[in-house]
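Enquirer: Okay, here's the structure, questions in a sec.
Only the coordinates and a few stated rules stand behind these numbers; no lab work does. Bear in mind that the values here come from a model prediction, so they are computed numbers and not experimental data. As a convention, Cβ positions derive from the backbone with ideal geometry for all residues, glycine included, and neighbour counts pool all protein chains shown.
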Amino acid sequence: MQTVNRLAALREAVDSLRARGTVALVPTMGALHEGHLTLVREARARADTVVASIFVNPAQFGPKEDFAAYPRTLTEDARMLAAEGCDLLWAPSVEEVYPQGFATTVSVGGVSKRLEGAARPGHFDGVATVVAKLFNQVRPDLALFGEKDWQQLAVIRRMARDLDLTQPGPGAIVGVPTVREADGLAMSSRNRYLSAEDRARAAVLPLALGKAVAAIEAGAAVAAVLQATEAALLAGGFTGVDYVALADAESLDPLTALGGRPARLLAAARIGGTRLIDNRAVERG
């Protein structure tokens with residue numbers, strides 16, 4: 001596996017890969033786990049070559065968030081990617097991605113403004129900007145993202161449609177199902193922040209969401225289910241709940257009942273000093 005950290009070297013390396021066929025991109029912030037590796041495996045199954053990026057993006061962290069403390073494990077990450085057959089690792093510095101005088105932001109309206117967008121103002125502007133740059137830098141035929149960050153996936157797809165992106169086009173932005181631990185907790189780089197006690201309690205989140213999905217699909221009143229789910233999280237050891245919401249799977253518009261379009265149940269809650277997110281598909285019964 002080749003590793004590059006300068007844009008000129010990246011473009012030269014990608015040109016060589018493109019001569020071998022299609023190119024898939026797996027964007028990450030590092031601190032890799034089985035969820036990330038699943039994306040790489042899916043990329044290998046779908047494309048001739050695979051590029052992974054590792055970049056802890058300061059633009060998507062708020063002033064009171066964990067940018068400085070976010071785990072950085074580049075050497076181990078590179079070893080894991082090479083073992084999975086990744087062809088190229090793009091690992092730029094902050095200065096390479098945001099050169100002196102950088103003054104451009106990509107902002108996606110609507111879908112980015114609620115839920116995570118409301119809880120973390122500016123977060124999705126940072127996500128959309130860096131992903132747009134990654135798409136322009138690598139020009140992949142397809143890009144893969146985990147469904148754990150469902151709203152992020154929706155924002156990126158909206159950006160691709162709105163900006164008429166062709167590499168990758170909206171249909172080539174692939175969502176890969178969430179990879180979970182044995183107790184159902186969604187794999188996340190932030191799980192390593194959890195104490196042993198908080199890690200055990202964190203399994204309440206997927207359990208509560210699973211029960212909520214079953215209740216909504218069985219016809220229970222959505223508002224009552226959402227309220228009960230928040231109460232279950234707090235009773236189970238979570239110290240705060242930013243939201244539990246039923247939303248249209250594409251637009252993230254809030255729903256009060258299931259309709260004819262795909263829906264998603266999404267939640268964000270805090271346990272100890274760690275904020276966890278998760279989501280589940282909800283289907284009409």
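Enquirer: To make sure I understand the rule: partners must be lysines, Cα under 27 Å from the Cα of K133, and not fewer than 8 residues away in the same chain. Which ones qualify?
Expert: Partners within reach: K64, K113, K148.
Enquirer: Where does each of 67-74, 173-180 land if you order them by average Cβ count within 10 Å, highest first?
Expert: On the way: 67-74: 13.1, 173-180: 17.6.
Highest mean packing first, the order is 173-180, 67-74.
Enquirer: Determine the sum of side-chain charges near L209: Lys and Arg each +1, Asp and Glu each -1, restricted to other residues whose C-beta is under 9 angstrom from that of L209. List each step's numbers first, then the result.
Expert: Values: positive: K211, R280; negative: D278.
For residues surrounding L209, the net value is +1.
Enquirer: So what's the range 189-278 giving for Cα Rg divided by 2.2 N^0.38 Å, two decimals? Walk me through the intermediate numbers first.
Expert: Values: Rg = 13.4 Å, N = 90, 2.2 N^0.38 = 12.2 Å.
Dividing the Cα Rg of the range 189-278 by 2.2 N^0.38 Å gives 1.11.
Enquirer: Using 1/(1 + (r/R0)^6) with R0 = 35 angstrom and r between the beta carbons of A200 and Q167, what's the FRET efficiency to the nearest 0.05? All intermediate terms of the calculation are to be shown ahead of the outcome.
Expert: Values: r = 44 Å, r/R0 = 1.26.
Efficiency at R0 = 35 Å is approximately 0.20.
Enquirer: Let me ask something else about it. Please work out whether the range 152-207 counts as rounded, prolate or oblate from its C-alpha gyration tensor, where a ≥ b ≥ c are the square roots of the eigenvalues and a/c under 1.5 means rounded, while otherwise a/b larger than b/c means prolate and anything else oblate? Before the final figure, lay out the partial values.
Expert: Details: a/c = 3.87, a/b = 3.17, b/c = 1.22.
Since a/c reaches 1.5 and a/b is larger than b/c, the shape of the range 152-207 is classed as prolate.
Enquirer: Residues of the range 230-271 with backbone nitrogen within less than 11 Å of a virtual label 7 Å along the Cα-to-Cβ line of D66, please, listed as ranges.
Expert: So the set is 271.
Enquirer: How far is it, in nm, from the label point at Q2 to the one at R180 when both lie 7 Å from their Cα along the line to the Cβ?
Expert: Label at Q2, label at R180, 4.1 nm between them.
Enquirer: Quickly rank 26-33, 164-171 as a protection proxy: mean count of other C-beta atoms within 10 Å, highest first.
Expert: Numbers: 26-33: 22.0, 164-171: 14.6.
Going from most to least packed, we get 26-33, 164-171.
Enquirer: Can you list the residues, at least 5 places off or on another chain, whose amide H is less than 5 Å from the amide H of V174, using H built in the peptide plane?
Expert: Here A143, L144, F145 satisfy the definition.
Enquirer: So, one more: For the range 2-176, build the convex hull from the C-alpha positions and give me its volume per residue in Å³.
Expert: Values: hull volume 19.6 nm³, N = 175.
So the per-residue Cα hull volume is 112 Å³.
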